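Structure first, commentary second.
The values are calculated or read from the model by the stated rules, or taken from the named source; none is laboratory data. Remember, it's a predicted structure, so these values are computed and weren't measured experimentally. All Cβ positions, even for glycine, are placed from backbone atoms using ideal geometry, and neighbour counts span all protein chains on display.
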Amino acid sequence: MGQMRFGDRGHRPDGHGRPPEQHRSLAEISVTVWLTPENTEFFIKNNFLYIKYGEKEQRAFLCRQFPFELQWEFISVLDEEQQEIGIIRNVELFEGPMRQMIVDELNRRYYSPVIERIISVKERYGFSYWKVQTAEGEVSFTLHDTYRSMVRAGETRVILVDVNGNRFEIPDTGALDRKSYKKIELYL
């Protein structure tokens, strides 16, 4: 009897699913590869972030494992098939241009305008319609099930996720002007 490989049950003979040569054992999957300046190089090629790990160069996709609590720690680096290459323990391990590339890519991927003022919030049939002021200007968006669409990310930080998956941030609800705070007080 051969070694059971992760994903063997999921491969279908009709060609859907992962080809057998890409199967990895559970032991291979459970090994954490820590990406450091000593074993990894990040660079930009054709306006995309790439990684050189070992001898292989490939596109790199960054994903925060703890997007609300630890924004700059435990960054998963994925390849084009969304397979994990490794994890950056802390962005601060990298210096200079490489750190800036990582920070820029995370800021692009997790772009969330900061709400400076809430102009209006109207509810209708389980949806709330927001008009807010951000540094980029006035923005309107819709939340479905407002209570579930507002994520507390600390004592005063709130992330709002609209019906299209866009994120908006209120870094400190206590810093909002009185009128803005009154408009969201019910949801907090």
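Of the residues making up region 154-171, those that are under 15 Å from V132 (Cα atoms) and not hydrophobic (A, V, I, L, M, F, W, C) are D162, N166, R167, E169, P171. Identify, please: which residue in region 29-44 is free of Cβ contacts under 8 Å to residues at least 12 places away in the same chain and not β-branched (V, I, T) and is, among those, surrounded by the fewest Cβ atoms within 10 Å (Cβ to Cβ)? Taking the candidates together, the pick is E38. When N47 is tested against (1) at pLDDT 95 or above; (2) over 14 Å from F94 (Cα atoms), only condition (1) is not met.
Looking across region 109-136 at every residue that is over 13 Å from F168 (Cβ atoms) and out of contact with any strand residue (DSSP E or B) (no Cβ under 7 Å at 6 or more places or on another chain), the one that is surrounded by the most Cβ atoms within 10 Å (Cβ to Cβ) is identified as E123.
The set of residues in region 81-123 being among the hydroxyl-bearing types (S, T, Y) and in a strand (DSSP E or B) consists of S120 alone. The set of residues in region 163-176 being assigned to a loop (DSSP other than H, G, I, E, B), out of contact with any His (no Cβ under 7 Å at 6 or more places or on another chain) and either more than 19 Å from E123 (Cβ to Cβ) or touching a residue at least 24 places away in the same chain (Cβ under 8 Å) (or both) consists of G165, N166, P171, D172, L176.
Scanning region 19-36 for residues that are in contact with a helix residue (DSSP H, G or I) (Cβ under 7 Å, 6 or more places away or on another chain), at pLDDT 95 or above, more than 30 Å from V139 (Cα to Cα) and assigned to a helix (DSSP H, G or I) turns up nothing. Y129 meets each of the listed conditions (1) part of a loop (DSSP other than H, G, I, E, B); (2) over 30 Å from I51 (Cα atoms) apart from (1).
Residues in region 137-156 that are loosely packed, with under 15 Cβ neighbours inside 10 Å and in a loop (DSSP other than H, G, I, E, B): D145, G154, E155, T156. For the residues E105, E95, E73, the requirement of being within 21 Å of the chain's Cα centre (by Cα) and touching a residue at least 24 places away in the same chain (Cβ under 8 Å) singles out E105.
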